[in-house]
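Reviewing the structure listed below.
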Amino acid sequence: MTAPKPVARPQSPFMIPKYYRLQMTSASSFATRATGHAIIVTAALVVWWLVAAATSDQAFALADLVATSWFGDLVFTLSLWAFWYHFLAGLRHLYYDALHGMEIRTAELLGWVCFIGATVLTPITILLVQ
Amino acid sequence: MRYLTDRKRAERLGSARRGTEAHWAQTISAVALALMMPTWLVVFGRALGGSRDSVLATFAQPFPAILTALVLVVAMRHFARGMVNMIDDYARGTARKIGIMAAYFIAGGIGATGIFAILKIAL
């Protein structure tokens with residue numbers, strides 16, 4: 001069998017923004033991936049805080065100082081938005097997988113639901129857990 | 001030299017019979033996380049800001065301890081698969097290999113640290 005001739009293929013995402021205009025469906029898909037990855041920073045912060053609590057008063061004092069500072073508040077608030085966005089977008093994926101919501105207008109509407117839903121659920125969650 | 005296209009080479013060999021495991025695993029873990037995370041957010045959010053003793057008391061209880069351990073395991077596996085998926089899309093060659101390793105190392109490191117903390121607090 002002859003070896004296939006090597007072809008220099010373009011590397012994704014070469015289509016954006018040169019040949020493809022970003023729209024709600026693709027922007028909301030991209031945001032799903034971005035929020036999913038961004039949350040890892042918060043996961044690291046939470047685990048540091050938890051292992052510090054398990055270790056000593058001194059270790060906890062430092063981790064808790066960071067976690068409850070304005071920086072901690074900012075990270076937790078942003079990642080709460082990222083979490084709710086990723087949560088809603090994930091539910092949307094399950095809905096798509098069940099072969100629903102793929103008409104263009106519905107798909108675009110669901111993108112708005114993810115963005116607006118996350119923005120509404122974030123302050124509600126903060127109020128609930130305080 | 002045979003003038004065969006890739007498609008002709010592949011025809012009649014049958015399907016690969018695999019390739020959807022990653023998607024299915026993400027679906028299962030997504031549903032698990034969707035069920036667990038809202039409750040976990042309340043557990044963690046209420047514990048955050050308390051004294052060390054109150055934090056230890058919270059995560060020493062069975063429900064918060066088990067929930068946090070489950071969330072850690074499922075979320076880190078979900079994250080690792082998602083990151084590998086992204087790297088498969090955007091990187092080739094050595095960068096891809098290193099990226100995939102990094103995905104598992106990050107997820108494994110955070111997961112193991114969190115599980116250790118929960119075990120130490122709860123047991």
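Observations, loosely collected:
- At R0 = 35 Å, FRET efficiency that the Cβ-Cβ distance of A:Leu127 and B:Ile100 yields, to 0.05: 0.30
- Segment A:Ala8-A:Ala59, length gained on full extension (0.36 nm per residue, minus Cα span): 13.2 nm
- At R0 = 41 Å, FRET efficiency that the Cβ-Cβ distance of B:Thr27 and B:Ala60 yields, to 0.05: 0.75
- Note on A:50-59: average number of Cβ atoms from other chains within 10 Å of each residue's Cβ is 6.
- Cα-Cα P(r), region A:42-109, percent of pairs per 5 Å interval: 4, 15, 17, 14, 10, 9, 9, 8, 7, 5, 2, 0
- Percent accessible area from carbon and sulfur atoms, the protein assembly as shown, protein chains only, probe 1.4 Å: 69 percent
- Cα long-axis angle, helix A:57-67 against chain A (0 to 90 degrees, to the nearest 10): 50 degrees
- The sum of -39500 (n - 2.57) across all DSSP H runs of n ≥ 4, divided by the residue count of chain B, sets its helix-only mean residue ellipticity at 222 nm to -28000 deg cm²/dmol.
- Among the residues of B:36-49, the average count of other protein chain beta-carbon atoms within 10 Å of the residue beta-carbon is 4.
- Sorted on the mean count of surrounding Cβ atoms within 10 Å across their residues, most packed first, peptides B:30-38, B:72-80 read B:72-80, B:30-38.
- Chain B: most fluctuating residue of B:Ser29, B:Ser51, B:Ser15 per GNM, C-alpha cutoff 10 Å: B:Ser15
- 10 Å Cβ neighbours from other chains, averaged over peptide B:4-11: 1
- Total formal charge among the other residues, if their Cβ is under 13 angstrom from that of B:Ile87, Lys/Arg +1 and Asp/Glu -1: +3
- 3J(HN,Hα) along region A:21-33: 8, 5, 9, 4, 4, 6, 5, 6, 5, 4, 5, 4, 5 Hz, from the Karplus curve 6.51 cos²θ - 1.76 cosθ + 1.60 with θ = phi - 60°, whole Hz, x for Gly and Pro.
- Pairwise Cα distances in chain B exceed 21 Å in 57 percent of cases.
- Summing +1 for each Lys or Arg and -1 for each Asp or Glu among the other residues whose beta-carbon sits under 15 angstrom from that of B:Ala32 gives +2.
- Ellipticity estimate at 222 nm from DSSP helix runs (n ≥ 4, -39,500 (n - 2.57)) divided over chain A, nearest 500: -26500 deg cm²/dmol
- Karplus-derived 3J(HN,Hα) values for region B:13-23, using 6.51 cos²θ - 1.76 cosθ + 1.60 with θ = phi - 60°, are 7, x, 6, 5, 6, 8, x, 9, 4, 4, 5 Hz; glycine and proline are entered as x.
- Longest site-free stretch - chain A; sites: trypsin sites (Lys or Arg not before Pro), DSSP loop, at most 15 other Cβ within 10 Å: A:22-130
- Gaussian network model of chain A, springs between alpha carbon atoms under 10 Å - residue of A:Tyr96, A:Tyr19, A:Tyr85 with greatest fluctuation: A:Tyr19
- What separates the Cα centres of region B:12-90 and region A:1-64 is a distance of 15 Å.
- Peptides A:63-76, A:35-48, B:84-97 ordered by average Cβ neighbours within 10 Å, highest first: A:35-48, A:63-76, B:84-97
- Residue-wise HN-Hα coupling along region B:112-123, computed from phi with Karplus coefficients 6.51, -1.76, 1.60 (Hz; x: Gly, Pro): 5, 4, x, 5, 4, 4, 5, 4, 5, 6, 7, 9
The values are calculated or read from the model by the stated rules, or taken from the named source; none is laboratory data. Given the structure is predicted, the values throughout are model-derived calculations rather than measurements. FYI the Cβ positions are ideal-geometry reconstructions off the backbone, even for glycines, and counts take in every protein chain you see. To get the accessible areas, we keep the full protein, side chains included, count just its heavy atoms, and leave off ligands, DNA and RNA. Shrake-Rupley method; radii C 1.70, N 1.55, O 1.52, S 1.80 Å.
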